[in-house]
Amino acid sequence: MVWIELALLLAATALSAVAWQRNLALAGAIATHADRLRRSGVLLIELRRRIEQQQRIAETQQLAETAVEAGTEAVRRIHFGIAAIPFGILGALAVTRDAARVVRQSHDVIADAVYGTIRGINKLTGQAARGALGIHDPDRTPLRAADDE
C-alpha cells in the first residue's frame, strides 16, 4: 500500500508541477496581453484626440471660408452702393450721362471680376484645405446670400 500511496503522491506532485508551469505560462501571456491592451488604449485615446482636433480644424476652416464669402459679399454691396451715388448724379446730368454710363459699366465689370476672383480663390483655398484634412465632401460650400445667386 505504501507503494501505491508513494506513486499517487509522485503523480500528484508531477501534475502540480505541470499545472504550475502552465499557470506561469498563462500568467505571462495574460501580462503580455494586458500590456498590449494598455498600449492599444493609449493609441485609441491619441487617435480620438487627433480626430477631434481634425474636426475642430475642419469646422474652423469652414467658418473662415464662410466668413470670407460673407465679408466679400458685404464689401461688394457697400462698394456698389457707394459707387451708385456719383454714378447716379453723373447719370442725371445730360452732359455727363453717356460717359457716366460707359464708366459705370466698366466699373461694374471690373469690380465683379475682382469680387469673383476673391470668391474663387476662397473656394479653391477651402477645397485645398479640406483635401489636406482628408475631407472629401463636394457639397461643403460657404454660405451665400440668397439674392446673390
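Could you work out how far helix 97-133 tilts from the main Cα principal axis of the chain, as a 0 to 90 degree angle to the nearest 10?
0
Taking a point 7 angstrom from the Cα of residue 40 along the C-beta vector, which residues in the range 11-29 have backbone N less than 20 Å away?
It comes to 26-29, nothing else.
Angle, helix 2-92 long axis vs. longest principal axis of the chain, Cα atoms, 0 to 90°, nearest 10?
0
Based on the alpha-carbon gyration tensor of the range 2-148 and its eigenvalue square roots a ≥ b ≥ c, which shape applies: rounded if a/c is under 1.5, prolate if not and a/b is larger than b/c, or oblate?
It is prolate, given that a/c is not under 1.5 and a/b is the larger ratio.
Which one, 21, 34, 106, is farthest towards the positive end of the dipole of the chain when Lys and Arg carry +1 and Asp and Glu -1 on their Cβ?
The residue sitting farthest along the positive end of the dipole is 21.
Since every read-out is calculated from the coordinates, none of them should be taken as a lab result. For clarity, every value in this text was computed on a predicted model and none was experimentally measured. Positions of Cβ are backbone-derived with ideal geometry, glycine not excepted, and every protein chain shown enters the neighbour counts.
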